[in-house]
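Derivation of every value follows stated rules applied to the coordinates shown; laboratory data play no part. Since the model is a prediction, treat every value here as computed from it, not as a measurement. As a convention, Cβ positions derive from the backbone with ideal geometry for all residues, glycine included, and neighbour counts pool all protein chains shown.
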Amino acid sequence: MNPAHDKPIIEVTGLTAGYGEDIILRDISFQVYPGEVFCILGGSGCGKSTLMKQMIGLYHPSSGKISLDGEDIVTAEGRMRKNILRKIGVTYQSGALFGSMTLKENIKLPLEEFTKLPHDAMDLIASMKLKLVGLTGFGDHLPAELSGGMQKRAAIARAMALDPRILFLDEPLAGLDPITSAGLDALILSLAKNLGITFVVVTHELPSIYAIADRVIMLDKGHIAAQGAPGELREKSDNVWVRAFFNRLSPQEQHQQSGTP
Amino acid sequence: MQKQVTPRLMKKAVLAAPAAHVSLTTASGPPGAPLRLVLTGRLDADGTAQIWEKIEKIVAGVRGGAVALDVSGVEYCDGSGIAMLLDLQRLAGASQTALSINGLREEFGQLLAMFDLSDAATPAPSRRRHLDLPSEIGHAASRVWGDVWNLIEFVGEFWASLFYVLARPKALRWKDALHFAENTGADSLPIIILIGFLMGLITAFQSAIPLKQFGAEIFVANLLGLSMLRELGPLVTAIIMAGRSGSAFAAELGTMQVNEEINALVTMGLDPVRFLVVPRVLSAMAVMPLIVMFFNFFALIGGGVVMVSLGYPVVTYSKQVVASVTLTDMVGGLFKSVVFSHLVCGIGCLRGLQARGGPSAVGDSATSAVVSGIILIAVFDGIFAVLFYALKI
């Protein structure tokens, strides 16, 4: 990945969005390049998940443009929209696996709806995806029979069913123990490296950010407070709040550092 | 073996807990000197409860004067103790009393310093707006209009998806549809049969008593046949379906909405209406005439039991029923039932898809599904009554 030469795979330009009269995001612009692991950070309630939901076309922005692989998801409708959605995979905070279906059925669902593959082939693909996320042998389990970490991995397997170019992960590590979290981080890195998938990850787990993120943007009060590599921001950002975030400073410590009472 | 904590044991434990030791003494000094209050013991929820009102009264009584509160004897102070001290500070501030708190141990002092009275004075702006009555009425009217608009939009989406599925039968998830047909149809038979039988029995019994005075008990058969086949059969079955399946669909889809499963479907490019609503509503519409027929049949059997007990042979009763109703009566009733099932299950699914927020949203959507379902049944039953009258059915 080389931002200077590559064409961005995601381009968000002048995005302003919110719910009703409440504006959550104001004039957001950034690019994500192919093969990058790109993290969206920020405190609770700063609009991270809203930004992701705008990017995957769940909500319409008040203004701005969101281009995924060269196509604008904001204005796309019908077949064109479906074509864009086929290129992306999404996993949600809760995993959002369909509770009445086994893991294999969950993974086969997008294949059944979008391809004309024979059933044997779909079975094989589902098994491959499960192996990729380390869940071989769990194909016939219902989501409720798995632990939280396994459900998250199964959700990634389902999101990858149609071999998307971009994977969006909403808080993938929420509620997981450090070892399971590290396992998921390793999985993300390996998928990015070996399959060239671009990741957009919404998170505020610092260890994970340092482990996986190539670049991050930090949202604060609906604006981008900073963007760049996490290591750089930690050391060099002029923004006190950004440094406090990366160094895990409490509000009191932040005041002490900035010299304000 | 571990002893299970029963409410009785808990009560015993609470009663056996040592009483909070806190004491408040007042010591008045020379005239002009501040009023001295001495607090000792444990300032926890139990302790503060004993003295809160008393000390408030004392501090409020010293309007414009000075109070010196000695807390050096306080050995423990938790959130409620700090709250009491803050309350005294607020009270003193409001009545221009000079309150000094002396001898507070350092760790408790740090706790007290964490709270600033001005925080409470300027609450964070709430998103809930308080409106005056005309605005409330306007907002309520706009919500009702929005709801009707959503309903119209949903019906349109449903029929568009239904035609899509009818044109491409493979697009329907038949496995799901069969499961829902079993769930809304076969599984509901016990309650349908029970209610049908009892309604027939009770209606026949209640009407047989006055009709007997005129020697016209045999017309109970006419009454039952017409009322069940045309009106009560479809109506009661639809109400049972609203309570049983409409609410279940709302809760199921509401949970999926809260768990972001619906969002997952949308971002997979799948239409939730085609994927989730069509199999449910279609299977309910398919099984509804069957369960209404069961209801009618068992209602007539219930009536038959009463008639037999009144001394009429079964043949007489059944011939009277057959003679009093026409095929049009039955088909009209079954047609109504199909529309009712569409309404109650459709509104159930819509309410589920509209669920927003946490787990309570699921409960709300189930309640709203049943209420809206019953309202729709009543409204459409009225429309059918007028329509059937106009068409002379």
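Cβ neighbours within 10 Å, averaged per peptide: list B:81-87, B:145-151 in order, most packed at the top.
B:81-87, B:145-151
Restricted to Cα positions, what overall size does region B:181-285 have along the principal axes? Three whole-Å values, descending.
Its Cα atoms span 69, 19, 18 Å along the three principal axes.
Kindly point out which whole DSSP H helices in chain B project their C-alpha atoms 18 angstrom or further along the helix axis while averaging a Kyte-Doolittle hydropathy of -1.0 or above.
Long hydrophobic helices here: B:45-61, B:79-94, B:133-167, B:189-213, B:278-309, B:327-354, B:359-390.
Bin all alpha-carbon pair distances of region B:284-393 at 5 Å intervals from 0 and give each bin's fraction as a whole percent.
2, 10, 14, 16, 14, 13, 11, 8, 5, 3, 2, 1, 0
Please return the longest stretch of chain B lacking exposed loop sites, where trypsin sites (Lys or Arg not before Pro) count only if DSSP places them in a loop and at most 11 other Cβ atoms lie within 10 Å.
The reported range is B:130-355.
Based on other C-beta atoms within 10 Å, arrange B:Phe158, B:Phe115, A:Phe38 from fewest to most. Let's see the in-between values first.
On the way: B:Phe158 20, B:Phe115 14, A:Phe38 23.
Fewest-to-most ranking of B:Phe158, B:Phe115, A:Phe38: B:Phe115, B:Phe158, A:Phe38.
Which of these, B:Gly303, B:Gly138, B:Gly185, has the largest mean-square fluctuation under a Gaussian network model of chain B (Cα springs below 10 Å)?
Among B:Gly303, B:Gly138, B:Gly185, the largest GNM mean-square fluctuation belongs to B:Gly138.
Over 5 Å intervals from 0, what percent of Cα-Cα pairs in region B:149-390 sits in each interval?
For region B:149-390, the pair-distance distribution reads 1, 7, 13, 16, 16, 14, 10, 8, 6, 4, 3, 1, 0, 0.
Give the angle, between 0 and 90 degrees and rounded to the nearest 10, that separates the Cα long axis of helix A:148-159 from the longest principal axis of the Cα atoms of chain A.
That works out to roughly 70 degrees.
Compute the relative contact order of region B:20-119 as a whole-number percentage, counting only Cα pairs closer than 8 Å that sit 6 or more residues apart in sequence.
Working: 158 pairs, mean separation 27.8, N = 100.
Across region B:20-119, relative contact order equals 28 percent.
Over what distance in Å are the Cα centres of region A:153-215 and region A:42-84 separated?
20 Å
What is the ratio of the Cα radius of gyration of the protein assembly as shown to 2.2 N^0.38 Å, with N the residue count, to two decimals?
Details: Rg = 34.1 Å, N = 654, 2.2 N^0.38 = 25.8 Å.
Normalised Rg, Cα atoms only: 1.32.
Please determine, in degrees from 0 to 90 and to the nearest 10, the orientation of helix A:119-132 with respect to the longest principal axis defined by the Cα atoms of chain A, where the helix direction is its Cα long axis.
Between the helix axis and the principal axis of chain A, the angle is about 40 degrees.
Of A:Lys48/B:Lys170; A:Lys48/B:Lys175; A:Lys48/A:Lys108, which sit over 32 Å apart, Cα to Cα?
Values: A:Lys48/B:Lys170 39 Å; A:Lys48/B:Lys175 38 Å; A:Lys48/A:Lys108 30 Å.
Pairs exceeding the cut-off: A:Lys48/B:Lys170; A:Lys48/B:Lys175.
Between region B:190-256 and region B:302-365, how far is it from one alpha carbon centroid to the other, in angstrom?
Rounded to whole Å, the Cα centres lie 7 Å apart.
With the Cα gyration tensor of region A:20-80 in hand, convert its eigenvalues to equivalent ellipsoid semi-axes via √(5λ) and list them largest first in whole Å.
Numbers: eigenvalues 77, 59, 19 Å².
Output for region A:20-80: semi-axes of 20, 17, 10 Å.
What's the exposure ranking of A:Met55, B:Met241, going from fewest to most Cβ atoms within 10 Å?
Result, fewest neighbours first: A:Met55, B:Met241.
Any lysines with Cα under 23 Å of the B:Lys57 Cα? List them, leaving off those in the same chain fewer than 8 positions away.
none
What GluC sites (Glu not before Pro) in region A:1-56 are in a loop by DSSP, with at most 13 other Cβ atoms within 10 Å of the Cβ? Can you show the working numbers first?
Values: sites: A:Glu11, A:Glu21, A:Glu36; in loops: A:Glu21, A:Glu36.
Those satisfying the criteria are A:Glu21.
Could I have the simple spin-label model distance between A:Lys236 and B:Tyr164, label points 7 Å from Cα toward Cβ, reported in nm to one decimal?
5.0 nm
Sort B:Ser365, A:Ser190 so that the residue with the fewest other Cβ atoms within 10 Å of its own Cβ comes first and the one with the most comes last.
A:Ser190, B:Ser365
If the cut-off is 20 Å between C-alpha atoms, which lysines fall inside it for B:Lys336, apart from same-chain ones fewer than 8 positions away?
B:Lys392
In whole Å, largest first, what are the principal axis extents of the Cα atoms in region B:20-119?
Sorted from largest, the Cα extents of region B:20-119 read 33, 31, 23 Å.
Give me the Kirkwood hydrodynamic radius of region A:143-216 in Å, from all C-alpha pairs, to one decimal place?
Its Kirkwood hydrodynamic radius stands at 12.6 Å.
Which percentage, to the nearest 5, of the DSSP beta bridges contained in the protein assembly as shown is antiparallel?
45 percent
Give me the Kirkwood hydrodynamic radius of region B:73-117, using the inverse of the mean 1/r over all pairs of distinct Cα atoms, in Å to one decimal.
Result for region B:73-117 stands at 11.0 Å.
Could you tell me which of the pairs A:Lys53/A:Lys116; A:Lys7/A:Lys221; A:Lys129/A:Lys193 are separated by over 24 angstrom between their Cα atoms in the structure shown?
Table pairs above 24 Å Cα-Cα are A:Lys53/A:Lys116; A:Lys7/A:Lys221.
Give me the three principal axis extents of region A:168-261 from the C-alpha atoms, as integers in angstrom, largest value leading.
In descending order, the Cα extents are 49, 25, 23 Å.
Can you compute the helix-only [θ] at 222 nm over the protein assembly as shown? Use -39500 (n - 2.57) per DSSP H run of at least 4 residues, normalise by all residues, nearest 500 deg cm²/dmol.
For the protein assembly as shown, the value works out to -18000 deg cm²/dmol.
Of the options A:Ala225, A:Pro164, A:Leu189, report the single residue whose Cα projects farthest towards the positive end of the charge dipole of region A:147-261 (beta-carbon charges: Lys, Arg +1; Asp, Glu -1).
So the residue furthest toward the plus end is A:Pro164.
Using every alpha carbon pair in chain A, what percent of pairs falls into each 10 Å bin from 0 up to the bin containing the largest distance?
Answer for chain A: a P(r) of 7, 29, 35, 22, 7, 1, 0 percent.
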